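The values are calculated or read from the model by the stated rules, or taken from the named source; none is laboratory data. Fair warning: this is a prediction, and the values are worked out from it, not measured in the lab. Ideal geometry is used to build each Cβ from the backbone, glycine not excepted, and the neighbour counts take in all protein chains shown. When the accessible area is computed, the model is the full protein with side chains, heavy atoms only, and any ligands, DNA or RNA have been set aside. Shrake-Rupley method; radii C 1.70, N 1.55, O 1.52, S 1.80 Å.
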Amino acid sequence: MDELFSVRDKVVVVTGGGRGLGEMIARGFVERQAKVYIVGRSAETLATTADRLGERGNCTAVPADLSTTGGMDAVAEALSAEPAVHVLVNNAGANVRGEVDTYPESAFDELFAINVKPVFGLVQRLLPKLREAASPADPARIVNIGSVVGLKPSGRGFAYSTTKAAVHTLTRHLALALGPESITVNAIAPGPFETEMTSGRMAEMLGRLSLTRPGADLDLIGAAVFLASRAGAFVHGSVLPVDGGLAIA
């Protein structure tokens with residue numbers, strides 16, 4: 001079982017890794033002896049998280065604004081000394097909420113630049129490293145973090161749910177392109193986890209769940225490690241809801 005779910009010594013990149021879901025995922029890989037790079041806009045937040053996770057294993061902070069070309073280039077430069085990248089977790093994201101009649105049109109430009117474009121941009125930039133890690137028996141892995149609202153829209157985050165649905169479609173498109181190179185591409189669609197992004201809305205979401213609790217860190221870690229380990233080597237082009245049943249509510 002340890003070998004089946006092992007990610008030991010894999011080089012893992014987690015965007016949005018300084019806090020929230022990204023920090024949970026990064027911690028899961030660090031605690032399982034992977035070499036983890038966390039990426040985010042706030043150098044201070046990243047440094048604090050990297051120091052904390054570094055007490056449990058190997059974690060390096062890479063400050064970068066992924067909504068810019070320069071930020072994506074900076075990530076590629078930070079990984080230049082690594083012979084290969086085994087796992088890329090595209091988690092960085094943002095949300096804008098509002099009422100339908102006053103919702104800002106600019107939110108769509110802002111959130112596509114943060115939630116969608118870096119998924120493709122980082123895959124392009126890190127593809128040579130992913131190819132170096134890839135083999136038929138142990139593919140390189142791309143794990144994109146979508147959302148349950150990309151499967152079943154709700155709330156007032158009109159641009160957010162739209163961009164997360166785009167992440168799910170991009171996941172499948174990349175899977176078609178990269179599968180022949182032994183690179184699997186999958187998405188996780190989280191539901192209600194207690195983070196800053198769900199602050200103030202948890203009670204409403206839990207009221208629609210068939211399970212009666214919010215997601216815990218191990219729920220998300222388990223899904224990410226599964227997709228990155230030998231156990232998930234034949235899972236490809238999937239969108240895995242980790243949502244307590246919210247998508248079917």
Name every residue in the stretch 145-196 that is surrounded by fewer than 18 Cβ atoms within 10 Å (Cβ to Cβ), of a type in the set (S, T, N, Q) and not in a loop (DSSP other than H, G, I, E, B), in order of residue number. Thr169
Of the numbered conditions (1) part of a helix (DSSP H, G or I); (2) within 17 Å of Gly157 (Cα to Cα), Asn95 fails exactly one; give the number of that condition. (1)
With the requirement that a residue be among the polar types (S, T, N, Q) and assigned to a helix (DSSP H, G or I), what does the stretch 198-244 give you? Thr198
Just for the stretch 190-236: of the residues that are touching a Gly at 6+ places or on another chain (Cβ under 6 Å) and polar (S, T, N, Q), which one is farthest from Tyr160 (Cα to Cα)? Ser210
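If we keep just the residues of the stretch 218-235 that are over 17 Å from Leu4 (Cα atoms) and touching a strand residue (DSSP E or B) at 6+ places or on another chain (Cβ under 8 Å), which is least open to solvent (accessible area, probe 1.4 Å)? Step through it out loud before you land on a result.
Residues of the stretch 218-235 over 17 Å from Leu4 (Cα atoms): 218-220.
When the remaining residues are screened for being touching a strand residue (DSSP E or B) at 6+ places or on another chain (Cβ under 8 Å), the result is 219-220.
Values: Asp219: 53, Leu220: 0 Å².
In this case the residue turns out to be Leu220.
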